[in-house]
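Asker: Can you keep this structure in mind? I'll have questions shortly.
Every number in this text was worked out from the coordinates using simple rules, so none of it is lab data. Note that this is a predicted model, so its numbers are computed, not measured. Counting neighbours? That spans all protein chains shown, and the Cβs are built from the backbone with ideal geometry, glycine included.
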Amino acid sequence: MQLCGKRSYVVLAFALLVLFWGSAFSVVKVGLDYAPPMIFAGLRTLMGGLVILLVAVVRGESPHLGRDWPIFLVLAAFNVVFFFGFQTLAILHLPSGTAAVLEYLQPMLVGLLAWMILGESLSLAKIVGLILGFSGIVAVSAGSLFGNISAAGVAFGAGSAFSWALGTVFFKRYEARISTMWAVALPFVMGGMVLTLFSFAMESWSEVSPTGTLFASLSYVSLVEIALAWLIWFGLIRAGEASRVAVYVFFVPLVGIVIGAIFLDERPTLSLWIGTALIVTGIYTVNRSSTRKYKRGNLRPD
């Protein structure tokens, strides 16, 4: 009975994690009607980072900042400044569901970059997954040839996925040395400050419409999609469920498409559905391979 109850909580945690990540694209799309993209990205990441920073301080772990500050700076650049900067621009130019599909090329790019940079093995399953994923981005991008979708938006979405993948591979190189909580908290705070300062130079704060909708959008993506989702992720790691998160991540772009269609009246095109099917299949193929490797004794899934 106790085991059944625990499994129920784990399933609920997975469902919430996928819902929070998948719904964020539509929420950001709404928020961008009331604030310029870099201002929105800066406030979003800074607010979420401060919450995680507070949790890290309460837990009492040491960040070893004097020793590891270069690592935190690189993580801030790839996992926050470029990732969320490009992601926000992609959502600005694309339907939220399309942006979600492009961003979740990341799990497949990690496999490729880990092979190139870390010397990790590239199995047949990963190669198949990569081919499917890149075929998917070609299908999604096909809409730009007919003017149905922004080519700049596709480039920003792919850039966001690539930056996130680089940050993930860099973290894998140093994960045994730094605290995972601090590896999220400090880069989010630093990256949020950089994006916010950058917005002062590039955008006008007079363009911000301080409405309840903007406040609700910022609150959701900073406190729920960033802070709460990451705390759920840490809880799943502590419960020994990290290997399953990688497999279930393929639901996120599907959730993004569905929520965008329901609440924003975004009508998925045929090329988007074809691309989504290819990318989701690629994510699942790559991560199933990584999960089996994890169960054979690795500390983390690839």
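Asker: Points 7 angstrom from Cα along the Cβ direction at HIS64 and ASP265: gap in nanometres?
Answerer: Result: 5.5 nm between the two label points.
Asker: What's the exposure ranking of MET108, MET47, going from fewest to most Cβ atoms within 10 Å?
Answerer: Result, fewest neighbours first: MET47, MET108.
Asker: Let me ask you something else. Using 0.36 nm per residue of separation minus the Cα-Cα distance, give me the extension gain between GLU207 and VAL138 in nm, one decimal. Present the calculation step by step, with values, prior to reporting the outcome.
Answerer: Values: separation 69, 0.36 × 69 = 24.84 nm, distance 3.52 nm.
Taking GLU207 through VAL138 to full extension adds about 21.3 nm, to one decimal.
Asker: Step through the residues of the range 271-279 one at a time and calculate ³J(HN,Hα) from phi using the Karplus curve (6.51 cos²θ - 1.76 cosθ + 1.60, θ = phi - 60°), rounding each to whole Hz and writing x for Gly and Pro.
Answerer: 5, 5, 5, 5, x, 4, 4, 5, 5
Asker: In debye, nearest 20, what is the charge dipole magnitude of the chain about its Cα centre with +1 on Lys and Arg Cβ and -1 on Asp and Glu Cβ, if you could check?
Answerer: Here the size comes out at about 1220 debye.
Asker: Something else: Could you give the radius of gyration (one decimal) and Dmax (whole number) of the Cα atoms in the range 63-222, in Å?
Answerer: Taking only Cα atoms of the range 63-222, I get Rg and Dmax of 17.5, 53 Å.
Asker: Which is farthest toward the positive dipole end of the chain among VAL140, GLY42, ALA151, measuring Cα position about the Cα centre, with Cβ charges +1 (Lys, Arg) and -1 (Asp, Glu)?
Answerer: Farthest along the dipole direction, towards plus: VAL140.
Asker: So, in nm, how far is label SER121 from label SER8 when the simple model puts each one 7 Å beyond its Cα toward the Cβ?
Answerer: Output for this residue pair reads 4.1 nm.
Asker: How much FRET efficiency would the formula 1/(1 + (r/R0)^6) give for PHE200 and VAL57, where r is the Cβ-Cβ distance and R0 is 30 Å, rounded to 0.05?
Answerer: Computed FRET efficiency for PHE200 and VAL57: 0.65.
Asker: Sorting check: for 51-60, 130-139, which peptide has the highest mean count of neighbouring beta carbons within 10 Å, and how do the rest follow?
Answerer: Numbers: 51-60: 14.6, 130-139: 20.0.
Averaged packing, sorted descending, gives the order 130-139, 51-60.
Asker: First measure r as the distance between the Cβ atoms of PHE215 and LEU73, then evaluate 1/(1 + (r/R0)^6) with R0 = 30 Å and state the FRET efficiency to the nearest 0.05.
Answerer: Calculated transfer efficiency: 0.45.
Asker: Using the Cα centre of the range 2-295 as origin and beta-carbon charges of +1 (Lys, Arg) and -1 (Asp, Glu), tell me which of GLY111, PHE162, PHE188 is placed farthest towards the positive end of the dipole.
Answerer: GLY111
Asker: What's the exposure ranking of TRP115, TRP69, TRP230, going from fewest to most Cβ atoms within 10 Å?
Answerer: Result, fewest neighbours first: TRP69, TRP115, TRP230.
Asker: A follow-up question, please. Counting other C-beta atoms within 10 Å, which of PHE200, PHE251 has the fewest, and how do the rest follow?
Answerer: Working: PHE200 12, PHE251 20.
If I rank by nearby Cβ atoms, fewest first, I get PHE200, PHE251.
Asker: In the set (i) 17.7; (ii) 16.5; (iii) 15.8, which value of mean projected area of the Cα convex hull in nm² was calculated from the structure you see?
Answerer: Label of the calculated value: (ii).
Asker: At 222 nm, what value in deg cm²/dmol follows for the chain if DSSP H runs of at least 4 each add -39500 (n - 2.57) and the sum is divided by all its residues, to the nearest 500? Don't skip to the end; give the middle numbers.
Answerer: On the way: 14 runs with 225 residues, N = 302.
Computed ellipticity for the chain at 222 nm equals -24500 deg cm²/dmol.
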